[in-house]
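**Q** Take this structure, written in structure tokens, and hold onto it; I'll ask about it next.
The values are calculated or read from the model by the stated rules, or taken from the named source; none is laboratory data. Everything numeric in this text was worked out from a predicted model, so none of it was measured. Virtual Cβ from ideal backbone geometry, glycine too; neighbours counted across all protein chains shown.
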Amino acid sequence: MKKLFLDFDCTIVDSIKTYCNIYNSSYKEQEGFKEADHNKVTRYDLKDQCHLVDHQETIFSNEEFFKHLEFMTDAIDVIEKLGTKYELIICSIGTLDNISHKAKWIKNNLSFVKNVILITGAMGTSGLKMDKSSVNMKESIFIDDHVENLLSTNAELKICFGKEYDWNKKWIGQRYFNWKEIEKLLL
């Protein structure tokens with residue numbers, strides 16, 4: 001059975017929408033607040049819409065974020081179908097807090113996915129950078145929304161997922177904008 005590696009944020013789940021919603025509810029009373037619109041996000045750090053957040057992880061590593069996290073449209077149905085043809089592996093990067101909440105969310109919402117690789121993205125004192133390039137994806141398919149992740153892997157087929165943003169607009173390979181397109185391609 002061929003392996004299918006799936007990114008988590010902005011691929012399986014709508015992290016940008018959830019991030020903006022949490023920002024709007026958490027920061028609305030602060031001076032200088034302007035409501036964030038997830039449809040207008042262009043920057044990877046979301047500061048173009050969520051300018052009052054000092055560090056992205058303030059929201060991404062918060063348990064509240066995961067309480068409100070939603071699947072991308074059609075993701076759960078298509079991923080379940082793909083699981084009949086492929087060995088599914090979720091591969092994601094985050095801080096320790098983010099990864100611990102993410103692991104629980106995946107267990108509770110994607111229990112049929114048995115293989116999960118969660119990487120803390122920090123650079124260790126040894127200088128070893130931990131990113132998705134450290135995962136052997138040879139002879140596999142990889143779906144991610146971020147160009148750097150796609151370019152750094154040895155996956156046989158690399159697919160850029162979703163809307164065009166600053167962090168993926170330079171992708172020249174295959175791009176699919178929704179899960180129904182992925183379903184048509186891979187099933």
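**Q** Let me confirm something: among ASP14, ASP48, which residue is closer than 20 Å to ASN168 by Cα, among the acidic types (Asp, Glu) and surrounded by 15 or more Cβ atoms within 10 Å (Cβ to Cβ)? Walk me through it before giving the result.
**A** Numbers: ASP48 fails: surrounded by 15 or more Cβ atoms within 10 Å (Cβ to Cβ).
One residue alone meets the criteria, ASP14.
**Q** Any chance the range 124-144 includes a residue that's in contact with a Gly (Cβ under 7 Å, 6 or more places away or on another chain) and either aliphatic (A, V, I, L, M) or loosely packed, with under 14 Cβ neighbours inside 10 Å (or both)? Lay out the reasoning, then the answer.
**A** Here is the first cut: in the range 124-144, the residues in contact with a Gly (Cβ under 7 Å, 6 or more places away or on another chain) are 130-131.
From the residues that got through so far, the ones that are either aliphatic (A, V, I, L, M) or loosely packed, with under 14 Cβ neighbours inside 10 Å (or both) too are 130.
Yes, some residue in the range 124-144 is in contact with a Gly (Cβ under 7 Å, 6 or more places away or on another chain) and either aliphatic (A, V, I, L, M) or loosely packed, with under 14 Cβ neighbours inside 10 Å (or both).
**Q** Any chance the range 120-141 includes a residue that's within 13 Å of the chain's Cα centre (by Cα) and free of Cβ contacts under 8 Å to residues at least 40 places away in the same chain?
**A** Taking the range 120-141 as the starting set, the residues that turn out to be within 13 Å of the chain's Cα centre (by Cα) are 132.
Then drop every residue that is not free of Cβ contacts under 8 Å to residues at least 40 places away in the same chain, which leaves none.
Within the range 120-141, not a single residue is within 13 Å of the chain's Cα centre (by Cα) and free of Cβ contacts under 8 Å to residues at least 40 places away in the same chain.
**Q** Shifting gears a bit: Are any residues in the range 78-122 of a type in the set (S, T, N, Q), surrounded by 14 or more Cβ atoms within 10 Å (Cβ to Cβ) and not in a strand (DSSP E or B), and if so, which ones?
**A** If the condition is that a residue be of a type in the set (S, T, N, Q), surrounded by 14 or more Cβ atoms within 10 Å (Cβ to Cβ) and not in a strand (DSSP E or B), then THR95, ASN98, SER100, ASN109 are the ones that fit.
**Q** On to the next question. Restricting attention to the range 148-163, which residues are surrounded by fewer than 16 Cβ atoms within 10 Å (Cβ to Cβ) and either under 12 Å from LEU4 (Cβ atoms) or of a type in the set (Asp, Glu) (or both)?
**A** Answer for the range 148-163, where residues must be surrounded by fewer than 16 Cβ atoms within 10 Å (Cβ to Cβ) and either under 12 Å from LEU4 (Cβ atoms) or of a type in the set (Asp, Glu) (or both): GLU148, GLU156.
**Q** In this structure, is GLU64 in a helix (DSSP H, G or I), more than 25 Å from ALA155 (Cβ to Cβ) and among the charged types (D, E, K, R)?
**A** Numbers: in a helix (DSSP H, G or I): yes; more than 25 Å from ALA155 (Cβ to Cβ): yes; among the charged types (D, E, K, R): yes.
For GLU64, the condition - in a helix (DSSP H, G or I), more than 25 Å from ALA155 (Cβ to Cβ) and among the charged types (D, E, K, R) - is met.
**Q** Shifting gears a bit: Where the second residue is among the charged types (D, E, K, R) and modelled with pLDDT of 95 or more and the first is closer than 21 Å to LYS184 by Cα and assigned to a strand (DSSP E or B) and lies in the range 153-172, which pairs have Cβ atoms under 6 Å and are six or more apart or on separate chains?
**A** Close Cβ pairs (under 6 Å, with a partner that is among the charged types (D, E, K, R) and modelled with pLDDT of 95 or more) amount to CYS160/ARG175; PHE161/ASP145.
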